[in-house]
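Engineer: Following this message is one structure expressed as structure tokens.
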Amino acid sequence: MRTKSILSPKVDIPRSIYISLGVLSVLTVLGLWCLLTYGGFTPRDFLATPGQVVAAAIKRISNLSLFEHMGASLSVILSGFILASIFAVPIGILMGSFRAVQAFFEPITGFMRYIPVSALIPLLILWIGIGMGQKIMVIFLGTFFQQLILISDVSSRVSKDLIDSAYTLGANRRQVIWRILLPACMPGVMDNLRVTMGWAWTYLVVAELVAADSGLGYMILNAMRGLFTDVILLGVFTIGILGLITDFIFKMLRQRLMPWSADF
């Protein structure tokens with residue numbers, strides 16, 4: 001395949017080339033990491049070598065502590081994200097479809113989505129305490145208002161001509177909502193849930209900042225106090241891998257549950 005074709009916009013490339021370029025990017029980063037650490041350009045106290053990170057992983061896998069931290073973090077992430085999505089999806093679709101609902105929710109949504117979640121932690125501690133609920137609420141607040149805006153935009157972009165055509169063919173308002181509006185929205189909603197799941201992972205360290213005794217964020221913060229960069233990198237890589245897995249699950253669900261999604 002010619003280089004010109006590969007670099008042309010909106011042109012598909014063979015899967016073998018796609019995979020090869022992805023592998024090349026990973027190997028490039030890994031090679032640079034090895035050069036900086038094994039080449040002596042960076043002190044190992046500030047950047048652990050790949051071998052040290054692998055050794056740290058083997059140690060924590062063998063004593064099961066890594067899995068305990070993963071389980072604690074997954075319970076926080078999934079609880080907060082699912083709770084936010086349960087409320088954000090229907091409200092967001094209504095906001096984008098009905099002006100009255102948009103007028104009611106938009107001011108508080110626009111205000112809250114600019115407030116850093118970390119600024120609310122003192123209030124959350126006062127109101128909820130320092131247990132599991134506080135961590136879940138950090139994830140909830142970090143994703144809920146962002147989901148509202150994104151899902152509202154998806155709903156507002158559904159063509160009015162599509163809805164008018166359904167009315168012309170004899171559909172009533174309930175049928176338009178359930179058979180036209182929702183199927184048209186759901187592919188975009190699923191894409192936005194996938195995006196905000198990535199944001200939920202970024203709030204993990206913030207959620208586990210106060211009085212945590214387990215979790216990947218706790219592991220990273222605890223290792224930072226002793227400057228154990230191998231453990232810090234292990235925690236970062238673990239979060240990245242878990243994030244890739246959740247991203248893949250969302251893509252698979254979109255393809256399996258919404259076969260019509262290519263049409264929207």
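Computed from the coordinates by the stated procedures, all read-outs in this text should not be read as laboratory data. Treat the numbers as computed from the prediction; the structure is a model and nothing was measured. When we count neighbours, we look across all protein chains shown, and the Cβ atoms used for this are built from the backbone with ideal geometry, even at glycine.
Engineer: Mind checking the dipole of the chain: about its Cα centre, +1 per Lys or Arg Cβ, -1 per Asp or Glu Cβ, Debye to the nearest 20?
Structural biologist: 560 debye
Engineer: Now for a separate question. Which order do the peptides 122-128, 179-185, 52-58 take when ranked by the mean count of other beta-carbon atoms within 10 Å per residue, highest first?
Structural biologist: On the way: 122-128: 12.6, 179-185: 17.9, 52-58: 16.3.
Top to bottom by mean Cβ count within 10 Å: 179-185, 52-58, 122-128.
Engineer: In addition: For a quick check: sort ILE239, ILE245 by the number of other beta carbons within 10 angstrom, fewest at the front.
Structural biologist: Fewest-to-most ranking of ILE239, ILE245: ILE245, ILE239.
Engineer: Please order VAL210, VAL138, VAL26 by the number of other Cβ within 10 Å, starting at the fewest. Write down the numbers at each step before the final one.
Structural biologist: Details: VAL210 14, VAL138 26, VAL26 9.
Lowest to highest Cβ neighbour count: VAL26, VAL210, VAL138.
Engineer: In the set (1) 15.4; (2) 26.5; (3) 19.2, which value of mean projected area of the Cα convex hull in nm² was calculated from the structure you see?
Structural biologist: Evaluating mean projected area of the Cα convex hull in nm² on these atoms matches (3).
Engineer: If r is the Cβ-Cβ distance from ALA171 to THR42 and R0 is 45 Å, what FRET efficiency results, to the nearest 0.05?
Structural biologist: The pair ALA171/THR42 has a calculated efficiency of 0.10.
Engineer: Looking at the chain as a GNM with Cα springs under 10 Å, which of PHE144, PHE248, PHE111 has the largest mean-square fluctuation?
Structural biologist: It is PHE111.
Engineer: For the range 50-263, calculate the relative contact order in percent as a whole number, restricting contacts to Cα pairs under 8 Å that are 6 or more residues apart.
Structural biologist: For the range 50-263, the relative contact order is 27 percent.
Engineer: To continue, here is another question. Determine, for MET70, MET95, the number of other Cβ atoms within 10 Å of each Cβ, and report the residues in order from fewest to most. Spell out each step's value before the answer.
Structural biologist: Working: MET70 19, MET95 25.
Final ranking by Cβ density, sparse to dense: MET70, MET95.
Engineer: May I ask you to order 214-220, 72-78, 103-109 by the average number of other C-beta atoms within 10 Å around their residues, highest value first?
Structural biologist: Order by mean packing, descending: 214-220, 72-78, 103-109.
Engineer: Give the residue from TRP201, ILE232, ASN63 lying farthest towards the positive end of the charge dipole for the chain; charges sit on Cβ (+1 for Lys and Arg, -1 for Asp and Glu) and the dipole is referred to the Cα centre.
Structural biologist: Checked the options; the winner is TRP201.
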